[in-house]
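The values are calculated or read from the model by the stated rules, or taken from the named source; none is laboratory data. Just so it is clear, the structure is predicted and the values come from calculations on it, not from any experiment. With ideal geometry, Cβ positions are generated from the backbone for all residues, glycine too; neighbour counts draw on all protein chains shown.
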Ligand SMILES: C[S@@+](CC[C@H](N)C(=O)[O-])C[C@H]1O[C@@H](n2cnc3c(N)ncnc32)[C@H](O)[C@@H]1O
């Protein structure tokens, strides 16, 4: 969707990596969950809407060798590539809208921090779910972080859907099984607090 793409290109054109509200120096919640899952270091991992997140740096640093980052913003991907320097060549970079993307392979881990929650239309959520179904391996793991019921109603000037356990289970009913969730009180660079919830799923038998 062009409007959506323009929105994100404008954001990354006008703000530095550490000037966006979702900036984290250390994506510790994501890294702790990935460590708990015990993903094989050679297993394919994708960060959906990775933007300029430092998760990819940390994954490479920890020895994960098959990593991909997808984002709708070409500029965000360029910034992240540049930051990684020579390590950028080990990553598969995908510029696409997740709701239009057709995965060419299957991933053992699908990670999304603060992307699904922008999909306020049912049709977009269905497209996201279809991409996930096509891109996740049979025994795949999924980590999705969204604003929780006490989180903000907007992010980056856009309305978001805040998810509790029942609402997120509804989106992936029949495809994913919710294993656990954890809360994160994210402090933005301007000092505001945002209630995130990280949901961890496995692929449902038959899903
Ligand atoms: C709030 S930011 C989070 C970035 C990153 N996950 C993090 O935690 O730092 C949302 C990101 O999702 C990307 N994005 C938004 N909608 C998208 C879509 N439909 N498909 C792919 N990427 C999208 C944006 O460009 C942006 O980088």
Here's a check for you: in segment 47-63, which residue that is touching a strand residue (DSSP E or B) at 6+ places or on another chain (Cβ under 6 Å) and more than 9 Å from the ligand (Cβ to nearest atom) is farthest from residue 11 (Cα to Cα)? 59
Given (1) away from the ligand (no atom under 12 Å from the Cβ); (2) in a loop (DSSP other than H, G, I, E, B); (3) out of contact with any helix residue (DSSP H, G or I) (no Cβ under 7 Å at 6 or more places or on another chain); (4) without any contact (Cβ under 8 Å) to a residue 60 or more places away in the chain, index of the condition residue 85 fails: (2)
Output yes when any residue across segment 164-182 is touching a strand residue (DSSP E or B) at 6+ places or on another chain (Cβ under 9 Å) and farther than 21 Å from residue 33 by Cβ, and no when none is. no
When the residues of segment 151-163 are filtered to those that are assigned to a loop (DSSP other than H, G, I, E, B) and modelled with pLDDT of 95 or more, which remaining residue is nearest to residue 11 (Cα to Cα)? 160
For residue 139, all conditions in the list (1) modelled with pLDDT of 95 or more; (2) over 26 Å from residue 18 (Cα atoms); (3) exposed (fewer than 15 other Cβ atoms within 10 Å of the Cβ) hold save one; what is the number of the exception? (1)
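Could you grab me the full set of residues in segment 102-113 that are touching a strand residue (DSSP E or B) at 6+ places or on another chain (Cβ under 6 Å) and either within 12 Å of the ligand (Cβ to nearest atom) or under 20 Å from residue 1 (Cα atoms) (or both)? Before the answer, list the steps.
First pass over segment 102-113, keeping only residues touching a strand residue (DSSP E or B) at 6+ places or on another chain (Cβ under 6 Å): 106-113.
Answer for segment 102-113, where residues must be touching a strand residue (DSSP E or B) at 6+ places or on another chain (Cβ under 6 Å) and either within 12 Å of the ligand (Cβ to nearest atom) or under 20 Å from residue 1 (Cα atoms) (or both): 111, 112, 113.
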Considering segment 114-123 alone, what residues qualify as being within 11 Å of the ligand (Cβ to nearest atom) and either within 20 Å of residue 33 (Cβ to Cβ) or not in a loop (DSSP other than H, G, I, E, B) (or both)? 114, 115, 116, 117, 118
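Residues 166, 204, 173: which one is over 26 Å from residue 102 (Cβ atoms) and over 15 Å from the mean Cα position of the chain (by Cα)? Don't jump to the end; show me each part of the working.
On the way: 204 fails: over 26 Å from residue 102 (Cβ atoms); 173 fails: over 26 Å from residue 102 (Cβ atoms).
Within the list 166, 204, 173, the selection yields 166.
May I ask you to say which residue of 116, 175 is modelled with pLDDT of 95 or more, touching a helix residue (DSSP H, G or I) at 6+ places or on another chain (Cβ under 8 Å) and farther than 20 Å from residue 29 by Cα?
On the way: 116 fails: farther than 20 Å from residue 29 by Cα.
Exactly one residue qualifies, and that residue is 175.
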Is it fair to say residue 159 is more than 9 Å from the ligand (Cβ to nearest atom) and surrounded by fewer than 19 Cβ atoms within 10 Å (Cβ to Cβ)? yes
Quick one: in segment 124-141, which of the residues that are more than 14 Å from the ligand (Cβ to nearest atom) and touching a strand residue (DSSP E or B) at 6+ places or on another chain (Cβ under 7 Å) is nearest to residue 111 (Cα to Cα)? 141
Of 40, 32, 92, which residue is more than 9 Å from the ligand (Cβ to nearest atom), part of a helix (DSSP H, G or I) and surrounded by fewer than 19 Cβ atoms within 10 Å (Cβ to Cβ)? 32
